[in-house]
Structure formats: C-alpha cells, structure tokens
Amino acid sequence: MPANAVDRLAARLSELAGAPVELERPSDPKHGDYATNIALRTAPQRKQPPRELAAELAERAEALEEIERAEVAGPGFLNLWVTTAWLADALREIGPDYGAGSALEREKIQVELISANPAGPLTVGSARNGAYGDSVARLLDYAGHEVAREYYFNDAGRQVDLFRASVEARRSGEELPEGGYQGEYINELAALGVDPVEHMLGEIRREVADFRIHIDTWRHQGEIEKHVAEVLPRLDTYEAEGTIWARTSAYGDDKDRPLVRSSDGSYLYFAADVAYVRDKLERGFDLAIYVLGADHHGYVGRLKAAAAMLGYDPERIEVLIYQLVHIVEGGLTKKISKRRGDVVFLHELVEKIGIDAARWYLISRGHDQPIDIDVDLAAERSQKNPVYYVQYAHARIAGILRNAGDAEISPTVTSTLEPEERELVKRLLELPEVAAEAAEKRGPQAIPTYAIRVADDFHRFYHEHRVLESEQRAFRLALCRATQIVIARCLDLVGVDAPERM
C-alpha cells in the first residue's frame, strides 16, 4: 500500500482509469485540489474522445469517499476536489518521519565530498561542495539508503610539496618558490613552527565538523597509492612518449589517460584515481558518488572508464559537478585564488553570515549553476532573508504551541475548512514527493524552495485566522504542529537549525 494519502488516492484513481494516474496541484484552487491528464493520455489507446473519457472517470471518481466532486476541464483534464475528512485524515499522518523511506530499492551508497588538498583552510568553493554533498547524503539517507560520507585527503603530490615549501620559505625569510602559495594564512602557519600539512589536516577535520558535516571515513592519497601496483596489471595499457597510458578511450572516455612515467616509475594522478575506484567498490558500495568542482568535468568519463577496465559496472560511479561560488559584498564581487592569497575562506563566510545562512545559500541553486552570495542580505535578520523567513515560521509555531499549554491538539474537523487551511494542508502533503524527487535527482535545492512555499502558506493562514482563540483551536493546533514538523524536516535536510525562539 502506498505510504501517504496522496499516493493512495492516485492508486485508487489508477484502478478506476485502468492506467497510472499522476496527481498535480492546479496553480489556481478554483480548478480543483488536484488534477490529472489521464484521459488525454489514454484516449488514443481507448479510441475515445478525451472529454468523453474524462466525463466517465469524473462520474466514477465522485463515487469515491475521498472525492467531493469532479469536473472535466479544457480538452480533457479531470479536476478533483477532495473531502474535508480526507484532508483531516491526511494531516493526521504527518509525523517526524513523514516522507521517509521513498526508495524502491535500498542501496549502499558512498558520497565523497569536499576532498580539498590540505594546502590551507577550506574555501567557500569547498564549502559548497560540502553543503551540497552533505545535503545529497541526507536526502539519500532519508529515502532509506545506507549512506556513508567520505573525505579524501590529496596529501601527496606537487601542490602539497609546494605548500610546504611556501610555508618554509616564509619561516626562513627566503623567497617563495615559483608558483608558491601566498596570503596571510601562510604567514600564520609559518609562525606556528609545525608541519603545515599535518596542522591543516586537523583544522580541516574541525572545520568540517563545525559546518555540521559528519564524515564516516577519512582516506589519504598516500594510503591509496600503496595499492597502485596491484591495480595496474588489471588495466588495458600501452607505452608511448615515455609514459604508460590507460586505454580509457576504449571504455567511454574522450581520450587516454597517463598512468606512470617510464623513466622513473613514478605514478601520475590517474593511477591513484584508478586505485581509489577499486578501493571504493571493493568495500561493497552499490554506488560511489563523487562531488567535484567545475574544473573536474573531465573526471566523469575517466572514472567510469576506470571502473569498466577493472571489471565493474561503470554505472556504479556517479560524478556530480558543482559550479563556482561568487561572494558579493557591498555590491562588489570578490576574486578568489588560494594560490595568490585572494581567497574567501569558509570560516570567514560563517563569521559574517552564520552557519545556517551559509548552508542555505550554498545549496539554494542547482549544482550546475554558479551561486552569488550577497553577504549583506545573507547576514540580515529580516524576512527579506529566506533562511530567516523559514526559521521564523518554525519559531512562531513553537511559540503558539508553548502558549497552547495542555490544550487539545487533534486533526479532527468539526466544520468546513477555510481556503487558507486547505491550501496549507495540501502544501504539507507535498513533502514526500519533493523529498523523493530531490533524492532521486540529487537536487537538494528543491528543499529550500519548497520550505519557502510552506512558510508562505503558513504565514498567510496565520494572518487570516486565529489559532488559540478559535472554535477550531484543536484542528488549527494540529495544523500548526504538522507545519512545524515539515519545516523542521526541510531545514534538517539542508543542515540548517530549526530554532524554537528567535
């Protein structure tokens, strides 16, 4: 049996129609609580005019106890009005786990996120990686998958050597190496008198935890490289130009990738990548998700090719590419380059706007779109700031429930619902579909968008109707509590606090 009221209603209508029915909410409630185009979709197979078929379905639908009335609209749409009793029963189902467990097949999934090299504190770019990857992981977990989060430290190679050399040069008063790292943080590390890489490994762990990201496993490039020699014989390779190459172009990549320098046997980047693919999939993950920055677009083909060469299904590898973050302050966009010292670090952003706003804004747009964060707006504690606006709705409801004391809370309806009540209930009932689709599409940006709509509908209801002084107090308190549960779930899915007071 479907887990929620809307899906069950769609299933009953599907039985009447003899085909799967998808219910949508019309933008104008005058066109019904729900609508379906099932007659338009099935009329050709049934060799029947769509409006005639829709009229037959309308008659059958009105016989259901859930449906108050049904009407045919336009070329053959079926508009449906549900009963007040159905809305009340649907509201009764909204609890802490409402919308959870949507996955049809539960999988063991790894999400690798951030994985910035330890050549300095985390930047706002890495912060987007973390916020986005963590929210994807939260959604997958909520859908019912077994999810593990991993951070891969690129703590070997030229960039790390250059970082160490830059700090040492500052420490000894010598010139920076060519292409070396600059900025105040290099001077601060030089003054500490510690190994800068080890120090940054510890700092990154702390920053990640402070940003509300739980990492289950931490991997190091040095550890992975120890197993490269075991992996190379399993690959399709050839030698050319003093290098051993992987023939990845034969496995879907756009070109072949270098693995080993013939002259000294030293490994190139892709060698560790291949060993890491094997490391992930041998641990039994059904799916390994990489969250990588815009400059890693070529990794999609090469990582899938690595899996295929090793004998794994390349569909077990998924690469999510996120775009750049631009910080706007005082109307000006800051230029960012860790190497030059022109950089905005995560801790600086958090100091200005707080963790809640940082997490919210960093996933408020699709990962394939760049983000502009207006620091001045994000720091505002006003209803112009969307994260504050949604949190305020949660806090306001918490205040109502505190003031209600021991008053009865019941979704039982004793009269006709007001339009604002009906609209709010229907909005809350969207959570299962919104969360399931966001998990499936790896699109957590849908959650803040939905949360704003819930807050809009709640504020509209609250401004139009009394709660505690109403004859419908028990129902309205139940409506408030259900709204609070849904908002809290949305905020949790994006790693934002749900405050009781503001």
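The values are calculated or read from the model by the stated rules, or taken from the named source; none is laboratory data. Since this is a predicted model, take the numbers as computed values, not measurements. For neighbour counting, all protein chains shown are included, and Cβ atoms are generated from backbone atoms with ideal geometry for every residue, glycine included. The accessibility values were calculated without ligands, DNA or RNA, using every heavy atom of the protein model including side chains. Shrake-Rupley method; radii C 1.70, N 1.55, O 1.52, S 1.80 Å.
Things worth noting here:
- Search result, residues across segment 182-211 that are open to solvent by less than 70 Å² (accessible area, probe 1.4 Å), closer than 23 Å to Ser126 by Cα and part of a loop (DSSP other than H, G, I, E, B): Gly183, Asp195, Phe211
- Residues located in segment 361-392, provided they are in a helix (DSSP H, G or I) and either open to solvent by less than 20 Å² (accessible area, probe 1.4 Å) or among the aromatic types (Phe, Trp, Tyr) (or both): Tyr361, Leu362, Val375, Ala378, Val387, Tyr388, Tyr389, Val390, Gln391, Tyr392
- Checked against the criterion of being more than 17 Å from Ala116 (Cα to Cα) and among the small types (Gly, Ala, Ser), the candidates Ala294, Ala305, Ala272 yield just one match: Ala305.
- Conditions (1) of a type outside the set (Phe, Trp, Tyr); (2) farther than 23 Å from Ala88 by Cα; (3) part of a helix (DSSP H, G or I): number failed by Val425: (2)
- In segment 104-114, the qualifying residues are those that are open to solvent by less than 70 Å² (accessible area, probe 1.4 Å) and not charged (D, E, K, R), and the one that is farthest from Gly144 (Cα to Cα) is Ile114.
- Inspection of segment 414-434 identifies at least one residue that is closer than 18 Å to Gly399 by Cβ and touching a helix residue (DSSP H, G or I) at 6+ places or on another chain (Cβ under 7 Å).
- Residue within segment 328-335 that is touching a residue at least 24 places away in the same chain (Cβ under 8 Å) and crowded, with 16+ Cβ neighbours inside 10 Å present: no
- Cβ-Cβ contacts under 9 Å between residues 6 or more apart (or on different chains), taken from a first residue in segment 397-409 that is at negative phi to a second residue that is among the hydroxyl-bearing types (Ser, Thr, Tyr) and in a helix (DSSP H, G or I), are listed as Ile397/Tyr462; Ile397/Thr483; Ile400/Tyr462.
- Neighbours by Cβ (under 6 Å, 6+ apart or cross-chain): first from segment 461-474, open to solvent by 100 Å² or more (accessible area, probe 1.4 Å); second modelled with pLDDT of 95 or more and in a helix (DSSP H, G or I): Glu464/Glu420
- Some residue of segment 363-370 being in contact (Cβ under 8 Å) with a residue 40 or more places away in the chain and more than 26 Å from Ile452 (Cβ to Cβ): no
- Pair list, Cβ under 6 Å, 6 or more apart: segment 478-502 residue closer than 13 Å to Gly99 by Cβ, other residue in a loop (DSSP other than H, G, I, E, B) and at pLDDT 95 or above: Ala482/Ile94; Ile485/Ile94; Ala488/Ala498
- Residue match in segment 26-47 (condition: open to solvent by 10 Å² or more (accessible area, probe 1.4 Å), modelled with pLDDT of 95 or more and of a type in the set (Asp, Glu)): no
- Subset of segment 393-411 that is in contact with a helix residue (DSSP H, G or I) (Cβ under 8 Å, 6 or more places away or on another chain) and in a helix (DSSP H, G or I) - its residue that is surrounded by the most Cβ atoms within 10 Å (Cβ to Cβ): His394
Residue by residue, here is whether (1) part of a loop (DSSP other than H, G, I, E, B); (2) touching a residue at least 12 places away in the same chain (Cβ under 8 Å); (3) under 21 Å from Arg442 (Cβ atoms) holds:
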{"position": "Lys255", "(1), (2), (3)": "yes, no, no"}
{"position": "Ala272", "(1), (2), (3)": "no, yes, no"}
{"position": "Asp279", "(1), (2), (3)": "no, yes, no"}
{"position": "Val291", "(1), (2), (3)": "no, yes, yes"}
{"position": "Lys304", "(1), (2), (3)": "no, yes, yes"}
{"position": "Tyr312", "(1), (2), (3)": "yes, yes, yes"}
{"position": "Leu349", "(1), (2), (3)": "no, yes, no"}
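- Top-ranked residue of segment 155-176 - restricted to ones that are outside any helix (DSSP H, G or I) and either basic (Lys, Arg) or open to solvent by less than 50 Å² (accessible area, probe 1.4 Å) (or both), ranked as modelled with the highest pLDDT: Leu176
- Taken as a whole, the structure places Gly101 among residues that are surrounded by fewer than 18 Cβ atoms within 10 Å (Cβ to Cβ) and either outside any helix (DSSP H, G or I) or of a type in the set (Lys, Arg) (or both).
- Residue that is of a type in the set (A, V, I, L, M, F, W, C) and open to solvent by 80 Å² or more (accessible area, probe 1.4 Å), where the choices are Ala90, Ala63: Ala63
- Tallying residues that are under 15 Å from Ala54 (Cα atoms), open to solvent by 50 Å² or more (accessible area, probe 1.4 Å) and without any contact (Cβ under 8 Å) to a residue 24 or more places away in the chain within segment 14-25 yields 3.
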